[in-house]
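Asker: Shown below is the structure under consideration.
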Amino acid sequence: MNLGETFTWLATHWAGPGGIGARLAQHLLLTLAVVAVAAIVALPLGVLIGHTHKGAAVVGASVGAARAIPTLGLLTLFGLALGIGLRAPVLALVILALPSLLAGAYAGVETVPPAVVEAARAVGLSETQIVWRVELPLGAPVIIGGLRAATLQVVSTATLAAYIADTGLGRFLFIGLKSRDYAQMVGGAILVIALALILEVTLAATQRLVSVHVTHPRQ
């Protein structure tokens, strides 16, 4: 196998339900869906803990424990329990995404200077208004950083979804390895890396823009 064969494969396998275009869409949609579900759970909890300053030890312990769980092992267990399909990889990937999102939301709100929060209370803002008007805007760069880390973890690990489901770019790696089609396997790896880099650049740019807006709100 040489790079010429890989580039030929990349140039000629875009069409069809099992082509690059379809697999890219599946991989991206799976990533976005998983991060969205994890965010619905983790962000409100992290913001609440950061605002009330209660439960920080629980955050640290749960984040550390969740990060120690091997995703492939978790995926295998869920696959045995739930069967072939998307339910097992979605659940395993949601668990993977939760720690970064929870830590980012907690840290973002926690790092807002106490004097700013007290000033907001002094002018009559309610606790809900403080969260929405003060803590979330000021903590947004850190919160987006957590979202960025979670997204990159999920988009990379989502290749394992192909282990028990016919979806995503991981199918190229599994099929290529099984059939010794190394051009397909390397091409699939390149596609995963490219998608991860695109998401990384996009989220990094977003984080920088939000940071500039927070630091210099009139710019």
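Asker: How much length is gained if the chain between W132 and I198 is pulled fully straight, taking 0.36 nm per residue apart and subtracting their Cα-Cα distance, in nm to one decimal? Working shown, then result.
Answerer: Numbers: separation 66, 0.36 × 66 = 23.76 nm, distance 2.99 nm.
Using 0.36 nm per residue and subtracting the Cα-Cα distance, I get 20.8 nm.
Asker: How much length would be gained if the chain were fully extended between V41 and A25, taking 0.36 nm per residue of separation minus their Cα-Cα distance, in nm to one decimal?
Answerer: Numbers: separation 16, 0.36 × 16 = 5.76 nm, distance 2.46 nm.
That pair, V41 and A25, stretches by 3.3 nm at full extension.
Asker: Quickly rank 57-65, 139-147, 24-32 as a protection proxy: mean count of other C-beta atoms within 10 Å, highest first. Present the calculation step by step, with values, prior to reporting the outcome.
Answerer: On the way: 57-65: 13.3, 139-147: 22.1, 24-32: 18.6.
Packing order, densest peptide first, comes out as 139-147, 24-32, 57-65.
Asker: So how far apart, in nm, are the two label points at V116 and S211 if each is 7 Å from Cα heading toward Cβ?
Answerer: My value for the distance between the label points is 1.5 nm.
Asker: Restricting to DSSP loop positions (anything but H, G, I, E, B) with no more than 14 other Cβ atoms inside 10 Å of their own Cβ, which trypsin sites (Lys or Arg not before Pro) remain in the stretch 1-95? Numbers along the way, then the final one.
Answerer: Working: sites: R23, K54, R67, R87; in loops: K54.
Sparse-neighbourhood loop trypsin sites (Lys or Arg not before Pro): K54.
Asker: Below 8 Å, C-alpha to C-alpha, sequence gap of six or more: please give me the relative contact order for the stretch 164-217 in percent.
Answerer: Working: 22 pairs, mean separation 12.7, N = 54.
Value for the stretch 164-217: 23 percent.
Asker: Relative to the longest principal axis of the chain, what angle (0 to 90°, nearest 10) does the C-alpha long axis of helix 56-68 take?
Answerer: 10
Asker: Here's another thing I want to ask about it. Protein chains only, probe 1.4 Å: how do W9, W132 rank by accessible area, largest first? Let's see the in-between values first.
Answerer: Working: W9 15, W132 175 Å².
Result, largest first: W132, W9.
Asker: Using alpha-carbon pairs under 8 Å, 6+ residues apart, how would you state the relative contact order of the stretch 42-97 in percent?
Answerer: Numbers: 20 pairs, mean separation 15.5, N = 56.
After rounding, I find 28 percent.
Asker: Given only helices, namely DSSP H runs of n ≥ 4 each adding -39500 (n - 2.57), what is the per-residue ellipticity at 222 nm of the chain, to the nearest 500 deg cm²/dmol?
Answerer: Working: 10 runs with 171 residues, N = 219.
Mean residue ellipticity at 222 nm (helix-derived): -26000 deg cm²/dmol.
Asker: In terms of solvent-accessible area of protein heavy atoms at a 1.4 angstrom probe, what is the ranking of D166, D181, highest value first? Each step should come with its number before you reach the end.
Answerer: Working: D166 105, D181 55 Å².
Sorted descending by solvent-accessible area, the residues read D166, D181.
Asker: If you fit an axis through the alpha-carbon atoms of helix 20-52 and take the longest principal axis of the Cα set of the chain, what angle between them do you get, 0 to 90°, nearest 10?
Answerer: Helix 20-52 sits at roughly 20 degrees to that axis.
Asker: What FRET efficiency, computed as 1/(1 + (r/R0)^6) with R0 = 35 Å and r the Cβ-Cβ distance, is obtained for L48 and A81, rounded to the nearest 0.05?
Answerer: On the way: r = 31 Å, r/R0 = 0.88.
Efficiency computed from Cβ-Cβ geometry: 0.70.
Asker: Can you tell me the order of 38-49, 96-107, 151-162 when each peptide is scored by its average per-residue count of other Cβ atoms within 10 angstrom, highest first?
Answerer: On the way: 38-49: 19.7, 96-107: 24.8, 151-162: 22.4.
Going from most to least packed, we get 96-107, 151-162, 38-49.
Asker: With +1 on each Lys and Arg Cβ and -1 on each Asp and Glu Cβ, how big is the dipole of the chain about its Cα centre, in debye rounded to the nearest 20? If you can, show how the numbers build up before the last one.
Answerer: Working: 12 positive and 8 negative charges, 12 e Å.
About 60 debye.
Asker: Report the relative contact order of the chain, percent, no decimals, based on alpha-carbon pairs under 8 angstrom and at least 6 residues apart.
Answerer: Working: 282 pairs, mean separation 57.2, N = 219.
RCO, the chain: 26 percent.
Asker: Just the number, please: Stokes-Einstein D of the stretch 124-213 in µm²/s, Kirkwood Rh from C-alpha pairs, 4 °C, 1.567 mPa s. Don't skip to the answer; put the middle values down first.
Answerer: Working: Rh = 15.4 Å.
This corresponds to a translational diffusion coefficient of 84 µm²/s.
Asker: For the stretch 116-176, what is the largest minus smallest coordinate of the Cα atoms on each principal axis, given in angstrom and ordered from greatest to least?
Answerer: Over the stretch 116-176, Cα extents along the principal axes are 63, 17, 10 Å.
Asker: Further question: Using +1 at the C-beta of Lys and Arg and -1 at the C-beta of Asp and Glu, which of L125, M185, P89 has the Cα lying farthest in the positive direction of the dipole of the stretch 64-219?
Answerer: Highest projection toward the positive end goes to M185.
Asker: Extension gain L177-A56, at 0.36 nm per residue separation less the Cα-Cα distance, in nm? List each step's numbers first, then the result.
Answerer: Working: separation 121, 0.36 × 121 = 43.56 nm, distance 4.43 nm.
Fully extending the segment from L177 to A56 adds 39.1 nm.
Asker: Which option, (i) 141; (ii) 126; (iii) 153, is the value of volume of the Cα convex hull per residue in Å³ that was calculated from these coordinates?
Answerer: For volume of the Cα convex hull per residue in Å³, the calculated option is (i).
The values are calculated or read from the model by the stated rules, or taken from the named source; none is laboratory data. These figures come from a predicted structure and were not determined experimentally. Positions of Cβ are backbone-derived with ideal geometry, glycine not excepted, and every protein chain shown enters the neighbour counts. Protein only, heavy atoms only, side chains kept; ligands, DNA and RNA dropped before computing areas. Shrake-Rupley method; radii C 1.70, N 1.55, O 1.52, S 1.80 Å.
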